[in-house]
Structures are given as C-alpha cells and as structure tokens.
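See structure below.
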Amino acid sequence: MRDLQLPGRSVAHAVHGMACTSHPLSTLAAVDVLRQGGNAVDAAVTACAVQCVVEPMSTGIGGDCFALLVPGGEGKPIGLNGSGWAPKGLTTDGLLEDGIAAIEKTSPHAVTVPGAIDAWATLLRDHGTWDLERALRPAIGYAEEGWAVTPRVAHDWQRNLEKMSAEASAREQYLPGGRAPAAGERMRLPNLARTLRTIAREGRDGFYKGWVAEDLVGYLAGMGGKHAAEDFAEQHCEYVEPIATDYRGHTIFQIPPNGQGITALMMLNVLQGFDLAGHEPNSAERLHLETEASRLAFQARDQYVADPRHAQVPVGKLLSREFADELRLRIDPARAQPPPEAATGPGYRDTIYLTVVDKERNTCSFINSLYFAFGSGLVGPRSGVVLQNRGCGFRVEPGHPNTVAPRKRPLHTIIPGLCVKDGRVKYSYGVMGGGYQPVGHTHVLTNLIDYGMDVQEALDSPRVFHMAGRLEVERGIPDGTMDRLAALGHEVGRPEMPWGGGQIIEIDWQNGTLAGGSDPRKDGLALGY
C-alpha cells in the first residue's frame, strides 16, 4: 500500500466493471455504458469517440485504431488492425522523382487513409451490443454543447499553437480567437459534431463515402495529395493473429506487424535472461539493462518491421530464443554499447490508450491515435476532421521493407497489450507515446511481474527513454542514479515532457474483483462500479 502521507493515487477497485482512460469524461462515458448494460467493446468505442472530441491533439476520427479482445477474459485473444493505407497513387519512385526523400510531418503525403471509424464499426458489429449511433451520442454532445478543457490537454494544445496556426482550416476550427484554450475554458467543435452526426446516421459509409470523404479528398488533392475517393471507400480493417512471448510464467500478447508490438516482446525476451529483481526498481543497473535491450530491439524493428502484405517480416526469427540470446550477448551490464546505426526515434507522440473490462469479464485493450500531436495539422474545412500523419512512418527508400507503396500500411507505433496467466487475462494494459510505447510496455510489465508493484505503482514509477543518442531521464529518477548512468557510458538529460501515459486493469479471478490504475502524467482516471 502507498504511503498515505505522500501525494499519489490509490488503486481503483470494483466488482462489476472498470474503465481506465486518460481523460475523466472518457472514463465516465465508458462506465455509463457499462451501467446501462453495454459491454466492454461498446464502452471502449464510446469512450474513444469522446476523447476524439475532448483530447483532439492525441486522437481523432482522422486516425487509426488497434484492439485486443478476450471474450469472457479467457481463451485466445482476438486482434484487430485498424490502420489505414497509403493512397493508390503514392509510390516511392514518384516521391523520389519529385525530389522527396522523406515524408514531412505536415505534408499531404503523410496522410494515410484513416482507419478508426471502419475499425469501430467492425468491432461493434462483431463484438458489441450497441451500434455507432448510440456509441457516438456522448461525443456528439460534447462537440455541440462544449466541454471544459483539462490541464494536460490545455498544455498540449498550447505546445502546438504554431503548428495549428500554419493552415487556415486548422486555425479557424481549433484555435478560437487565434489562441489555444486554457484549462477550464469551454470549447466546442461544431463541424466535427456535424460529421459525427453523419456517421451516427449513415454508419461507416458516412465517413468513407459522401460529403465527409469528398471534403477530405478534395482538400488533400488541393495540396498535392494523391488521395482518391476509392482509397477512402475501399479502406477496411483486418482481424489478425496476435503474437506472443512468455515472460516469467506470463504470456504477453501484441498485435503483429505492421505494428511495433514485436519490439516489446523482443525486449522482454532479452531481459528474461537477467535478474532484474536483483536490482532496485529505480537503480541505474535496472534502467541500464532495459535501455540496452530497447536499443537492440529498436534496431531490429527498424530493419524488419513493415506491412506483411507487402514485405516478408521474419516474426518467428525475431521472437526466437536464439535471436534473444544473440542480442543479450551484446549487452554489457557494466557499460553502454556504442551508438547504434539508427536512432531509437521517433520520440514522444500523442495517442490515447484505454482499457475496459465488463461484468462478464469481456476485456478490451484499445488504442487510437493521430501519431504526432494534431496529426498532420491538416483539417477538413467542412468536416472538422484532423488528419493523421502516419505516412511519416514510411521510408522513401527503394528495397526497404517499409518503403512507401500504394495501399501499403506504414510501420505503426500504437500497441495495445494483454498479459495472460494460466489462460486468463491478468492485465489489460497499454502505455502510449510514439516510439516510447514498447519501452513503456516493458517497464510497466517488469514493474508488475519482477517487482510486484500494484497497477498504480507500476504506472507511477519514473521512466527513461533512449532517443537520438541520449538517455532522457524523468525527474522522478534521483540525480545520483543519473550520475551512475553517466558513469556507465550513457549521455543523460531530463526530457521536456514526461514519457507516455498508461492505463492498466487487473482481473482478480479469485476474489471476483477488478483493480485499475491510470497514469498521473495525463488527466485521466480509473473508475469502476
């Protein structure tokens, strides 16, 4: 139990259902769904739709969605890849002919077709009990009537003032009066509300066909994008076989490539050969081992991970014991390895992760994202849809597995997680934040499994991330540990922003209860009933 004389959060406990999100209104919406008889999928979609309104820099209907589901909390997880593809007219050769060697963050070429709405509709149709019309009602209400902006959201909005000022449509809709809203201010998004009403009435085709798609395709084409109506109309999500590894008696599940979840599994495979529990949780020795494992796993990610429909991704090799042994031998517990060939990046990015477990123990691990804050910074003039910039995840490099190609999905950073023990879900969890996510997943899981922390302690625990040649250490790590990390050969510094944000639900099968934790780095909370 935490020291009640010190600041902190208690673990949330409940019997019937639990939701953990990074925004209070989203958590409240999810619990309302559960109390009205909806299931975990209904609640997750409803909660995410709310966050697409009230946390618009972190997620939106112009982004993508991944999910892991376990009906009843037992048995084989179901994976859904709701990532969008590049337009049919976008090619590596075409970009190189135009003198484009890398896709810029605010370029129309960075806008892959949004996959979220198709994924939501599919999840509700196949695993929910509500339809889109009912699930979107709370989000529509906030977009039309307004909501009070929360502190972390206000901070992130302000940090992106320049980006959202650069283009007229974004500026007019998301910077009222030419400025970012402050904490406690009331904000409305009337154009986005109209779009959500269209989707509620017409279903997924209300987004991918008709006036909303016309608005987005025409807008992007006017900026030189290659998008066409059929790129939107034919977008579809895909059920996928989750990949997994065993870590100290627990089975850890991730969505397979094109997602980067395999990076977290590679890290766990490497770390399994070290006695982490023999070191203090915030010791330089523990953080050094995790950092070295992450650098090696990211090198493998950048070399191999891509859309398996367009490239051969050696998943079996990357998850093999032999590959883990090979990587582990390259780690010196007493010294940082030389700089890797490629930097770990990208670093901090905006995303929302949420998890819901209902009274039947249906479990939903769910993530939705625009990639960078406010995605590309490009906003549909009539629809109010903020468009993602997932195309930045592509290479423009002939022959590379992850080079851009028509209808190809880029390497994707968002990863929902599940931890199963003895055939039942033990933890439904996720840690958001771009390239940091595999590191966050690994750090949180080792907090839980190696150090026996509760779900809130595991999220509260301070974090580090090696990015662009430097180990960025949160202020929760003392100066003495930073000095020790420097002595081990790391260049160290403090990050501008904290690393990621996460949510965890633990299912206590013996007592028939749920325990929830929510990351203090965000505005959200865990709540059950």
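Derivation of every value follows stated rules applied to the coordinates shown; laboratory data play no part. Keep in mind the model is a prediction, meaning the values are calculated, not measured. Note that each Cβ is placed from the backbone with ideal geometry, even for glycine, and that neighbours are counted across all protein chains shown.
With each label modelled as a point 7 angstrom along the Cα→C-beta vector, the N282-W211 pair spans 5.5 nm. A simple packing score, the average count of other Cβ atoms within 10 Å per residue, orders the peptides 247-258, 512-523 as 512-523, 247-258, with the highest score first. Cut-off 16 Å, label point 7 angstrom out along Cα-to-Cβ of D126: give me the residues of segment 54-88 whose amide nitrogen falls inside. Label zone hits: 65-72, 76-84.
Taking 26 Å as the limit for the C-alpha separation, the pairs K226/K522; K421/K522; K426/K522; K317/K421; K317/K408; K76/K522 exceed it in the case of K226/K522; K421/K522; K76/K522. Do the sum for the chain: with -39,500 (n - 2.57) for every DSSP H run of n ≥ 4, divided by all residues, what is the mean residue ellipticity at 222 nm, to the nearest 500 deg cm²/dmol? Here the helix-only value at 222 nm equals -10000 deg cm²/dmol. The residue list N81, A284, W157 was ranked by how far each Cα lies along the charge dipole of the chain toward its positive end, using unit charges on Cβ atoms, and W157 comes out on top. Among S10, S369, sorting on how many other beta-carbon atoms sit within 10 Å of each Cβ, with the fewest leading, yields S10, S369. For R179 and E474, the FRET efficiency from 1/(1 + (r/R0)^6), where r spans their Cβ atoms and R0 equals 25 Å, is about 0.30. Full extension of the segment from A101 to H13, taken as 0.36 nm per residue of separation minus the current Cα-Cα distance, would add 26.6 nm.
Ordering 330-337, 164-171 by mean Cβ neighbour count within 10 Å, with the highest value first, yields 164-171, 330-337.
Cα centroid separation, segment 400-440 to segment 1-68: 19 Å.
Relative to the current alpha-carbon distance between Q510 and K317, full extension at 0.36 nm per residue lengthens the span by 65.8 nm. Under the simplified labelling scheme, the D275-Q158 pair shows an inter-label distance of 4.8 nm, with each label point 7 Å from Cα along Cα→Cβ.
Of E472, E97, E292, the sequence from fewest to most neighbouring Cβ atoms within 10 angstrom is E97, E472, E292. The residues neighbouring A86, those whose beta-carbon lies less than 11 Å from its own, together hold a net charge of +4 under the Lys/Arg +1, Asp/Glu -1 convention. Round to the nearest 0.05 the FRET efficiency obtained for R494 and R424 when R0 = 35 Å and r is the Cβ-Cβ distance. Efficiency at R0 = 35 Å is approximately 0.30. For a paramagnetic label modelled on L6 (point 7 Å from Cα along Cα→Cβ), amide N atoms under 20 Å away belong, within segment 486-505, to 498-499, 502. Straightening the chain between K88 and D325 buys 81.2 nm, computed as 0.36 nm per residue apart minus the Cα-Cα spacing.
Applying 1/(1 + (r/R0)^6) with R0 = 41 Å to the Cβ-Cβ distance of R382 and D32 gives a FRET efficiency near 0.85.
In sequence order, segment 237-243 has phi-based couplings of 7, 8, 6, 10, 7, x, 9 Hz under the Karplus curve 6.51 cos²θ - 1.76 cosθ + 1.60, θ = phi - 60°, and Gly or Pro positions carry x.
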